[in-house]
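**Student:** Sharing a structure, written as structure tokens. Questions coming.
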Amino acid sequence: MYKSLAAVSFAALLAAPAIAQDEIRIGVEGNYPPFSQVSPDGTLSGFDIDIANVLCDRMSAECTMVQQEWDGMIPALAANKFDMIVASMTITEKRKEVVDFSDPYYDVPSRFIAAEGAFEGYSPEELAGKTIIVLRNSPRAEYLAATYPDSDILAVDREPAVYLELMAGRGDVAFGSSVVSAEAFLNQPEGEGFAQVGEPITLTDGVDGGVGIAMRKGDNALRTRVNEALAAIMADGTYDEMASAYFDFDIMPVGARQ
């Protein structure tokens, strides 16, 4: 997922001071189940939150979760509100101009979602003149703009809103995460009568592939520690154990599994 970088300058990211590495503040969202969500009592949970916690344990670091709206994630990192972002952020060339990323820690394809039987396919010709709902400023939105020029794009601020707008009839088809669309919408009562359309789509145009942990430019010591901790949990089975609590398929990035 790509968020707006307009408010972020390269200089600001370089100038932002870092704190001691044994005290790490982590930017999280809390509005992207099953990767992150907030319970009524304010407790954060989800796969992103589990990853953040286990990495802190492996790095012997004292960590604080800082909840942040998605569109403000990178500006808040630049402003030293936190030291790294664990919020399902897709690694893209555009983002790498202003932040450094860890190695990918998961990867899932995208899917179209629509009312059952509404579409037999999802080619640009079949969706010409149709309204497609997607998360604003995301790699999926960029993919639609490049691939579906004859469709109308309805961009929304949060992934759950993609499915709310579809359910309300303000678009013909949604384009979202294969996991989030299933877990947060199709497997819930409100998702009755809707289904994923066509085959999974792996975005490659302008996207390196995979989801990474973002850090300020030049924070190489933290990046090295995070990558070493990621490699360790993927090698010793910890990652698979955590992921199996949420997914019944492999989300480990290609090339990460030994």
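**Student:** Condition first: in contact (Cβ under 8 Å) with a residue 12 or more places away in the chain, buried (at least 19 other Cβ atoms within 10 Å of the Cβ) and within 19 Å of Arg158 (Cα to Cα). Can you find one or more residues in the range 50-67 that meet it?
**Tutor:** Among the residues of the range 50-67, not one is in contact (Cβ under 8 Å) with a residue 12 or more places away in the chain, buried (at least 19 other Cβ atoms within 10 Å of the Cβ) and within 19 Å of Arg158 (Cα to Cα), which makes the answer no.
**Student:** Here is a follow-up. Among the listed residues Ala256, Ala231, Ala243, which satisfies the condition of being under 24 Å from Lys94 (Cα atoms) and small (Gly, Ala, Ser)?
**Tutor:** Ala256
**Student:** While we're looking at this one, here's another question. Name the one entry in Gly169, Gly191, Gly212, Gly176 that is surrounded by fewer than 17 Cβ atoms within 10 Å (Cβ to Cβ) and of a type outside the set (Ser, Thr, Tyr).
**Tutor:** Values: Gly191 fails: surrounded by fewer than 17 Cβ atoms within 10 Å (Cβ to Cβ); Gly212 fails: surrounded by fewer than 17 Cβ atoms within 10 Å (Cβ to Cβ); Gly176 fails: surrounded by fewer than 17 Cβ atoms within 10 Å (Cβ to Cβ).
One residue alone meets the criteria, Gly169.
**Student:** Something else: Looking at the range 213-225 only, could you name the residues that are under 18 Å from Asn80 (Cα atoms) and in a helix (DSSP H, G or I)?
**Tutor:** Asn220, Ala221, Leu222, Arg223
**Student:** Just a yes or no: is a residue in the range 107-119 in contact with a helix residue (DSSP H, G or I) (Cβ under 6 Å, 6 or more places away or on another chain) and charged (D, E, K, R)?
**Tutor:** So the first thing to find is which residues in the range 107-119 are in contact with a helix residue (DSSP H, G or I) (Cβ under 6 Å, 6 or more places away or on another chain), and the list is 108-111, 113.
From the residues that got through so far, the ones that are charged (D, E, K, R) too are 111.
Yes, because at least one residue in the range 107-119 is in contact with a helix residue (DSSP H, G or I) (Cβ under 6 Å, 6 or more places away or on another chain) and charged (D, E, K, R).
**Student:** For the range 114-153, give me each residue that is of a type in the set (A, V, I, L, M) and either out of contact with any strand residue (DSSP E or B) (no Cβ under 8 Å at 6 or more places or on another chain) or surrounded by fewer than 18 Cβ atoms within 10 Å (Cβ to Cβ) (or both). Steps first, please.
**Tutor:** Narrowing the range 114-153 to residues of a type in the set (A, V, I, L, M): 114-115, 118, 127-128, 132-135, 141, 144-146, 153.
Hits for the range 114-153 are Ala115, Ala118, Ala128, Ala145, Ala146, Ile153.
**Student:** Here's something else I'd like to know. In the range 23-75, which strands (runs of 3 or more DSSP E) lie fully inside it and hold 1 or more residues that are modelled with pLDDT of 95 or more and within 19 Å of Asp240 (Cβ to Cβ)?
**Tutor:** Per the criteria, no element qualifies.
**Student:** Suppose the filter is modelled with pLDDT under 95 and in a loop (DSSP other than H, G, I, E, B); does Gly121 pass it? Walk me through how you get there before you give the answer.
**Tutor:** Details: modelled with pLDDT under 95: yes; in a loop (DSSP other than H, G, I, E, B): yes.
Yes; evaluated as a whole, the condition is true for this residue.
**Student:** Does the range 94-106 include one or more residues that are among the polar types (S, T, N, Q) and crowded, with 21+ Cβ neighbours inside 10 Å?
**Tutor:** Yes, the range 94-106 contains at least one residue that is among the polar types (S, T, N, Q) and crowded, with 21+ Cβ neighbours inside 10 Å.
**Student:** Can you tell me which of (1) modelled with pLDDT of 85 or more; (2) closer than 27 Å to Leu55 by Cα is the one Arg257 doesn't meet?
**Tutor:** (1)
**Student:** Could you please find all residues in the range 148-178 being modelled with pLDDT under 95 and polar (S, T, N, Q)?
**Tutor:** Ser177, Ser178
The values are calculated or read from the model by the stated rules, or taken from the named source; none is laboratory data. Quantities reported herein were computed from a predicted structural model and do not represent experimental measurements. Reconstructed Cβ throughout: ideal geometry from the backbone, glycine too, with neighbour counts over all protein chains shown.
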